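The values are calculated or read from the model by the stated rules, or taken from the named source; none is laboratory data. The structure displayed is predicted, hence computed values, not measured ones. Positions of Cβ are backbone-derived with ideal geometry, glycine not excepted, and every protein chain shown enters the neighbour counts. These accessible areas exclude ligands, DNA and RNA; they are computed on the full protein's heavy atoms, side chains included. Shrake-Rupley method; radii C 1.70, N 1.55, O 1.52, S 1.80 Å.
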Amino acid sequence: MNGQPERPARIAAAFRSRFGAEPLVWCRAPGRVDLMGSHTDYNLGCVLTLPIDRDTWIAARPRPDRIVQAHSLNLDADTRFDLDALARAPGRAWCNYLRGVASVLRADGQSLCGFDAVLHSTVPLGGGLSSSAALECATATVFETLGGWSLDPVRKARLCQQAENEFVGVNCGILDQYTACAGRAGCALLLDCRDLSAQPVQLARGLQVVIGDTRSKRELAGSEYGQRRAHCEAGARQFGVKALREVSLDRFRQHESALPADVAKRCRFILEEDERVLRMAEALTRGDTEAIGRLCTASFDGARRLYEITTPAMHAMRDAMLQAPGVLGARQAGAGFGGCLVAFVDPGAVDAFTAAVRRGYQDRTGTVPELYPVHAVAGAGRVDGAMLGSGWSSRPSVEAGPGGGDGLPCQTAT
Ligand code: GLA
């Protein structure tokens, strides 16, 4: 159910059966895949990121009170909470993403209103393609739409990141939420995490991005992610700067031997990866396939030897990708520790590539992988009428932007 016509019908039917009415607003936010720049975001470096055509949809209807009731079709689970009593649920419960977003928006002074909602995501949950950020940013868009106000996408991204950092308790950088909020259809973004600006990067013809999901568990992702951050912060302290972005590779090389071995490895990776981001932006724009392959190899080698975020499943996926027809390069995606890889593939060979990777990965691991050829889509917003199909596209909530005068802003918002 990825963009297929039955998606809105299935969501609407679930909404009707739960809440006895039609949804009035449809909001969405995409997942992402990073094309270059692993772990550079929290070092205030650059990342090349792609908002992908796998997204989270929320169909909602305002309520006259301060209650949010939501049903997740993916998890077949429900949540209900009061906007005036936003407690954190124990553990990593999915409802914390909704509550967290409500909590930061409220603290930011936005007026919130209660709603009923059905959620559906085509971003694989917990697979390293930012299903969490898609959920947060889609939730913020529902509050925005029903409240009749509108946030700048970068501000919205920062608030959603804050929800994840402070409410959910995951110390992520800005990459995921920025991509989910500020993505543009048809291009990658060269995001500068120091000043939060982004340049569109148009991929040359002849390049298809294909994601390979190892379907391996990412259990260590939390603790190891925190450790990598700590090593980078220790490195920055040694150089007397706020973040590694302020250290040049030359300066690093002069002082590398004085650093603890682990810290030196992490810092080297980040500084080299940061340089690769800029080179990759050029290579993708020019369609320089030789450079794309070389940069992917260097990135994966660094992730393996220096940042130590690769796993046997990731090695198997990369080997299968590099032996498949039409491949131009393949590297890790997201935080690593399992999850997905991203490959650049000759568009004419995508079917042969996916078939060969499926076989190759299964032979190596016994697991059938998921393979997704992806395209760049716009960041969080209302679901486009064309995506909803003829049964829904005439609804006024689809036509107007947030606060667009379609009579939705909730009367009881505070
Ligand atoms: C996760 C985090 C991001 C980023 C990536 C690694 O996806 O949420 O902020 O650090 O890992 O690049």
Scan the stretch 325-362 residue by residue and report those that are within 16 Å of the ligand (Cβ to nearest atom), of a type in the set (A, V, I, L, M) and either farther than 29 Å from N43 by Cβ or open to solvent by less than 10 Å² (accessible area, probe 1.4 Å) (or both). A333, L341, V342
Checking G169 against (1) assigned by TED's automatic domain parsing to the domain that holds F15; (2) open to solvent by 20 Å² or more (accessible area, probe 1.4 Å), the condition it does not meet: (1)
So, of the residues in the stretch 39-54 that are among the β-branched types (V, I, T) and in a strand (DSSP E or B), which turns out to be farthest from the ligand (Cβ to nearest atom)? I52
Among (1) free of Cβ contacts under 8 Å to residues at least 24 places away in the same chain; (2) outside any loop (DSSP other than H, G, I, E, B), V241 falls short only on (2)
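Quick grid of which residues meet (1) within 16 Å of the ligand (Cβ to nearest atom); (2) open to solvent by 40 Å² or more (accessible area, probe 1.4 Å); (3) among the charged types (D, E, K, R):
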residue: L244; (1), (2), (3): yes, no, no
residue: E256; (1), (2), (3): no, yes, yes
residue: T285; (1), (2), (3): no, yes, no
residue: L306; (1), (2), (3): yes, no, no
residue: Q323; (1), (2), (3): no, yes, no
When only residues in the stretch 11-62 that are of a type in the set (K, R) and closer than 29 Å to F300 by Cβ count, which is surrounded by the fewest Cβ atoms within 10 Å (Cβ to Cβ)? R54
What's the number of the condition V201 fails, among (1) away from the ligand (no atom under 16 Å from the Cβ); (2) open to solvent by 20 Å² or more (accessible area, probe 1.4 Å)? (2)
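Every residue, every condition in (1) open to solvent by 30 Å² or more (accessible area, probe 1.4 Å); (2) under 21 Å from R80 (Cα atoms); (3) among the charged types (D, E, K, R), yes or no:
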{"site": "S111", "(1), (2), (3)": "yes, yes, no"}
{"site": "V123", "(1), (2), (3)": "no, no, no"}
{"site": "G126", "(1), (2), (3)": "yes, no, no"}
{"site": "S130", "(1), (2), (3)": "no, no, no"}
{"site": "G147", "(1), (2), (3)": "no, yes, no"}
{"site": "R155", "(1), (2), (3)": "yes, no, yes"}
{"site": "R158", "(1), (2), (3)": "yes, no, yes"}
{"site": "Q161", "(1), (2), (3)": "yes, no, no"}
{"site": "N165", "(1), (2), (3)": "yes, no, no"}
